[in-house]
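Just below is one structure, and these are the notes that go with it.
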Amino acid sequence: MDHVATRRAAKAETIVLACLRCIARDGYAATSMASIAREAGIDKRLVAYYHGSREHLLDRVVRHVADQLITKLRQAIAGIDDPHEIARIGFNRIWESLTTDRALLVAWLGIKAEAISNPELQEGARYLNDGFRDVIREAWATIESRGFRARMSMERMTLMIVASIQGLVMEWLAYGDTPELAETLVDFQTWIASFAQPAAESPISP
């Protein structure tokens, strides 16, 4: 990549990060091209120059958020192949990593909520969900190689884990670190570990 292309990519990334901060601070609806430009410290016309429409920029932000979250998840469970250690050590790493970046979480949940009624954001939201599912499937394939199997179908298990993490994150964003949340996180880890059983036991439930 030549010098001009490198500068262009850096400026485009600066605008993406400015948009992310605006969404986290002001919400999706209040994030305009003008507010993004102010946050980035540039002329409004440059936002359109680098990213075209607001919708295209927001799609880039969705994918940026997705890549960040998926990377955090992969790093948290890297090298762990025991289901109980993934539930205990891996989840602790995931939770610590997620809760150190409040802006990223607020943007993630805000965009997911907006994607329900905005078709232009739905593809990006699916990109994030698919990434989460891929990581869980990869981790489970490693667990199965150790002689375990899931107590339910992969799709059901993945949906339950992803939906539960989203709910726990929303609780943390709203109320912070409470004793009730701490106890729930421990219960959640026990619940995740219970999904695994030795392969010789009963078949997967439908």
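The values are calculated or read from the model by the stated rules, or taken from the named source; none is laboratory data. The structure presented is a predicted model; accordingly, all values stated were derived computationally and were not measured. Virtual Cβ from ideal backbone geometry, glycine too; neighbours counted across all protein chains shown.
In the set 173, 168, 185, 159, which member is without any contact (Cβ under 8 Å) to a residue 12 or more places away in the chain, under 18 Å from the mean Cα position of the chain (by Cα) and either assigned to a helix (DSSP H, G or I) or not assigned by TED's automatic domain parsing to the domain that holds residue 101 (or both)? It is 159.
Per the listing 189, 166, the residue uniquely in contact with a Phe, Trp or Tyr (Cβ under 6 Å, 6 or more places away or on another chain) and either of a type outside the set (Phe, Trp, Tyr) or exposed (fewer than 12 other Cβ atoms within 10 Å of the Cβ) (or both) is 189.
Residue-by-condition table, conditions (1) among the small types (Gly, Ala, Ser); (2) at pLDDT 90 or above; (3) assigned by TED's automatic domain parsing to the domain that holds residue 104; (4) more than 29 Å from residue 94 (Cβ to Cβ):
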site: 14; (1), (2), (3), (4): no, yes, no, no
site: 18; (1), (2), (3), (4): yes, yes, no, no
site: 33; (1), (2), (3), (4): no, yes, no, yes
site: 37; (1), (2), (3), (4): yes, yes, no, yes
site: 40; (1), (2), (3), (4): yes, yes, no, yes
site: 44; (1), (2), (3), (4): no, yes, no, yes
site: 65; (1), (2), (3), (4): no, no, yes, no
site: 68; (1), (2), (3), (4): no, no, yes, no
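Scanning the range 116-164 for residues that are farther than 17 Å from residue 193 by Cα, modelled with pLDDT under 85 and of a type in the set (S, T, N, Q) gives 118, 122, 129. In this structure, does residue 148 turn out to be over 15 Å from the mean Cα position of the chain (by Cα), over 14 Å from residue 95 (Cβ atoms) and of a type in the set (Phe, Trp, Tyr)? When the stated conditions are applied, residue 148 passes them. On the stretch given as the range 1-60, residues that are among the aromatic types (Phe, Trp, Tyr) and at positive phi total 0. Anything in the range 1-37 that is in contact (Cβ under 8 Å) with a residue 24 or more places away in the chain, of a type in the set (Ser, Thr, Tyr) and part of a helix (DSSP H, G or I)? List them, or say none. Once the filter is applied, which keeps residues that are in contact (Cβ under 8 Å) with a residue 24 or more places away in the chain, of a type in the set (Ser, Thr, Tyr) and part of a helix (DSSP H, G or I), the range 1-37 yields only 14. Scoring residue 15 on the criteria (1) within 18 Å of residue 125 (Cα to Cα); (2) surrounded by 19 or more Cβ atoms within 10 Å (Cβ to Cβ); (3) not small (Gly, Ala, Ser) leaves a single failure, condition (1).
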